[in-house]
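Written below as structure tokens is the structure these notes are about.
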Amino acid sequence: MQRILITGVNGQLGSELKDLFELESEFEVSYLSRGELPLENTEKIKAVLNEYHPEIIIHAAAYTAVDKAETEEEVADRINHLASREIAEYCVENDCRLISISTDYVFDGNSTSPLNEEAEVDPINVYGKTKLLGEVAIQRVLSEAIIIRTSWVYSIYGNNFVKTMIRLMTEREEISVISDQIGSPTYARDLAKAIIKVIKSGEWISGIYHYSNEGEISWFDFAQAIKELNGFNTKINSISTTSYPTPAKRPKFSLLDKTKIKRVYQVDVPSWKDSLKEMMDSLNN
């Protein structure tokens, strides 16, 4: 059985991966929480990984508090950048493969067409900068790594936009949602399925891949769909990014082109609305 180790098991993607791997019999899977693998203590990372001797690491853990990162740059850098480098070094030293998860926030948001893996990167916030540094460090150390960039992740687990909207629409008669940031959501379970398909394919084609659900929407469109699928009566006001300033800037356009992962690994990419309905059905059952 192939030995797989997953970091960030309590996160959205980590939780979905755990659920799916429990249905698979051909893998021996270990899971590490942030407490068990404290990424900010980079000097301890290799020693912890050494206890498991994995053949593949799925590195799903990250510092993801986008606004908080603006004032905690050193911590975000240690977790997203330096820890990623340590994990890549471990993989080189122990003949281990690595799939690492990155983000659409490596882009500046000035594009008007879907972004492929060769698109120019230029992050506009600390979180995006530290994730990009992590990507670069991984590729420098471990050229055989697979990096998957994703966007707008949500799940039945953890805190995310979908669950926040459901809560707010339950509590309030009126809310406001940004309509001039464009991208596509990612149901973490779909991303987890894609990762498992990559592993089970038996083909290891290194490099960067993009994955999000199909479709092009704004956060406002996303909120409207959540409202319709739940039957809420809440009034949703469309507002601009300038009307809702945040400590960290967000890219205005970060729609990912999924052509490469579909072509190389024949990965199925469901539409965002179908996946949203599936997630909410799971949430309500």
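The residues of the stretch 88-106 that are closer than 13 Å to I148 by Cα and crowded, with 23+ Cβ neighbours inside 10 Å, listed by number, are L98, S100, I101, S102, T103, D104, Y105, V106.
Restricting E89, E144 to residues that are part of a helix (DSSP H, G or I), on the phi < 0 side of the Ramachandran plot and in contact with a Leu (Cβ under 9 Å, 6 or more places away or on another chain) narrows the list to E89. The residue that is surrounded by the fewest Cβ atoms within 10 Å (Cβ to Cβ), counting only those in the stretch 251-285 that are part of a loop (DSSP other than H, G, I, E, B) and among the charged types (D, E, K, R), is D268.
Say we look at the stretch 147-178 and pick out the residues that are among the aliphatic types (A, V, I, L, M) and in a helix (DSSP H, G or I); which of these is nearest to D19 (Cα to Cα)? So the residue we want is V162.
Let's see how each residue does on (1) over 28 Å from E214 (Cα atoms); (2) among the hydrophobic types (A, V, I, L, M, F, W, C):
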| site | (1), (2) |
| --- | --- |
| E55 | yes, no |
| D67 | no, no |
| R78 | yes, no |
| V92 | yes, yes |
| L98 | no, yes |
| V106 | no, yes |
| D122 | no, no |
| L132 | no, yes |
| N159 | no, no |
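Here A188 passes the criteria (1) without any contact (Cβ under 8 Å) to a residue 24 or more places away in the chain; (2) among the small types (G, A, S); (3) surrounded by 17 or more Cβ atoms within 10 Å (Cβ to Cβ) except the one numbered (1). Only residues that are part of a loop (DSSP other than H, G, I, E, B) and either without any contact (Cβ under 8 Å) to a residue 24 or more places away in the chain or more than 15 Å from the chain's Cα centre (by Cα) (or both) were counted across the stretch 52-61, and they come to 4. Just so you know, in the stretch 121-168 the residues that are closer than 28 Å to F220 by Cα and among the charged types (D, E, K, R) include one that is surrounded by the fewest Cβ atoms within 10 Å (Cβ to Cβ), and it is R167.
Residues are listed down the side, and each one gets a yes or a no for (1) over 30 Å from Q2 (Cα atoms); (2) open to solvent by 30 Å² or more (accessible area, probe 1.4 Å):
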position: I196; (1), (2): no, no
position: S206; (1), (2): no, yes
position: Y209; (1), (2): no, no
position: W219; (1), (2): yes, yes
position: A225; (1), (2): yes, no
position: L229; (1), (2): yes, yes
position: K249; (1), (2): yes, yes
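For the stretch 1-51, the set of residues classified as assigned to a helix (DSSP H, G or I) and of a type in the set (K, R) consists of K18, K44, K46, listed by residue number.
Screening E40 against (1) touching a helix residue (DSSP H, G or I) at 6+ places or on another chain (Cβ under 6 Å); (2) among the acidic types (D, E); (3) closer than 16 Å to L191 by Cβ leaves a single unmet condition, (3).
The values are calculated or read from the model by the stated rules, or taken from the named source; none is laboratory data. Note that the structure is a prediction, hence the values are computed from the model and not measured. Reconstructed Cβ throughout: ideal geometry from the backbone, glycine too, with neighbour counts over all protein chains shown. Protein only, heavy atoms only, side chains kept; ligands, DNA and RNA dropped before computing areas. Shrake-Rupley method; radii C 1.70, N 1.55, O 1.52, S 1.80 Å.
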